[in-house]
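One structure is given below, encoded as structure tokens.
The values are calculated or read from the model by the stated rules, or taken from the named source; none is laboratory data. If you're wondering where the values come from, they're calculated on a predicted model, not measured in any experiment. We place every Cβ from the backbone using ideal geometry, glycine too, and count neighbours over all the protein chains shown.
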């Protein structure tokens, strides 16, 4: 394996570096974008229970905020519950945009790797072919050994670039879709909180 990498030339170094970074991002995003971590089950019900029983002290609010991205959004709304529904919804939307940026962390880097690694492979192909033509100019076409180094460099870097780019692009698209799904689910959960809070308030005002 090492001999194969060495045969690819210096451009194998950035390609291998990109592969390591991409692998680290994929592992981190799989861990961070787990649905149970982003949207803990029954969190809205727990928050409403604490709110109705007057147990949402600053310590509990901080615990909810730190528990998950959804908790951060819910707390942003809870802190505005003395204001109108529109004010609460606006604050939830602002917090949702910030949380979305957190969920998309490193995805641009992964997308960049998916874009540049084929170009690095193509550059390796060009460098390898330059070596081939230089060998032809110096020794003619009668010495296959002199041509083999440039040809192998061209093929290896191209293959390595594609081997990194294809899974990087697949995971980039996958995580983008997962973020969109999680954001939609968090919007639904936040809307439930708003409806329940203001529904309860309307009931209390009628009584």
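For residue 168, indicate whether it is in contact with a helix residue (DSSP H, G or I) (Cβ under 6 Å, 6 or more places away or on another chain) and modelled with pLDDT under 95.
no
Give, as residue ranges, the helices (runs of 4 or more DSSP H) completely inside the range 1-95 that count at least 2 residues that are under 30 Å from residue 127 (Cα atoms).
The helices (runs of 4 or more DSSP H) meeting that bar are 2-7, 12-32.
Would you pick out the residues in the range 1-18 that are at negative phi, buried (at least 19 other Cβ atoms within 10 Å of the Cβ) and modelled with pLDDT under 95?
Residues satisfying the conditions are 8, 11, 12, 15.
Being touching a helix residue (DSSP H, G or I) at 6+ places or on another chain (Cβ under 6 Å), under 25 Å from residue 14 (Cα atoms) and at pLDDT 80 or above is the requirement here; does residue 160 meet it?
Judged against the criteria, residue 160 is a match.
Take residue 185 and tell me if it is within 30 Å of residue 24 (Cα to Cα), under 16 Å from the mean Cα position of the chain (by Cα) and either surrounded by 12 or more Cβ atoms within 10 Å (Cβ to Cβ) or at pLDDT below 90 (or both).
It is false that residue 185 is within 30 Å of residue 24 (Cα to Cα), under 16 Å from the mean Cα position of the chain (by Cα) and either surrounded by 12 or more Cβ atoms within 10 Å (Cβ to Cβ) or at pLDDT below 90 (or both).
From the list 112, 117, 100, 125, pick out the single residue that is under 30 Å from residue 167 (Cβ atoms) and modelled with pLDDT under 90.
Only one candidate qualifies: 125.
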